[in-house]
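Everything below concerns the one structure shown next.
The values are calculated or read from the model by the stated rules, or taken from the named source; none is laboratory data. Quick caveat, the model's predicted, so the values are computed rather than measured. All Cβ positions, even for glycine, are placed from backbone atoms using ideal geometry, and neighbour counts span all protein chains on display. Ligands, DNA and RNA are stripped out before the accessible areas are found, and what is left, the full protein with its side chains, is counted by its heavy atoms. Shrake-Rupley method; radii C 1.70, N 1.55, O 1.52, S 1.80 Å.
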Amino acid sequence: NGWILRNEVIWQKSNCMPTSVKDRFTVDFEKFFFFTKSPKYYFKQQFEPLKAPDKKSTFGHQKEGNSNNAYSGRSYDASKNNDGTCRNARTTWTINPQASPLEHCAMFPKALIERPIDACCPPGGVVLDPFCGSGTVLEYCFEHDIEAIGIEINPEYKKMIDRRSRQGQTKLTFE
């Protein structure tokens, strides 16, 4: 349908829901896909702390007689990224799930959407959540004065979002 997959992000849950299965491993992650509609799009680079800010490493490989300098084993100083304490954000994010009084089977913490919204929604932009669920994206946007549109087909989840709206957590209204 014309979508371009830019990244596949792994949400690693260090305190995932326990499982009683004995014939396979416990799944402790979910996938988060970053799609765009065109090759050129708004993206604000995201950073994360370096584990060793003064670390220098080499990349590529050195072959005898290789005239291609792109893979020559040159040294790379990671401390020169940004202000010397950060690097470009990676695609595995360790964010703990959070307990909630709401009865929704697929809730996620607001910390999970903080980075994608900051990276992909330009100032004055609008966030679209086509699978609104319990309204976590709408709540985050409300708290950060970001315009958002939520779509939800399940009437039970719509009621949940409406209750959150009446409590002042979102600005969502249904017609």
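What to note about this one:
- With Cα atoms defining each centre, the range 110-156 and the range 4-26 are spaced 23 Å apart in the structure.
- Extending 7 Å from the Cα toward the beta-carbon at both ASN96 and LYS22 defines two label points whose distance is 3.0 nm.
- Set of the range 122-140 residues, backbone N closer than 16 Å to the point 7 Å along the Cα-Cβ line of ASP162: 133-135
- For CYS141, solvent-accessible area (1.4 Å; no DNA, RNA or ligand), Å²: 0
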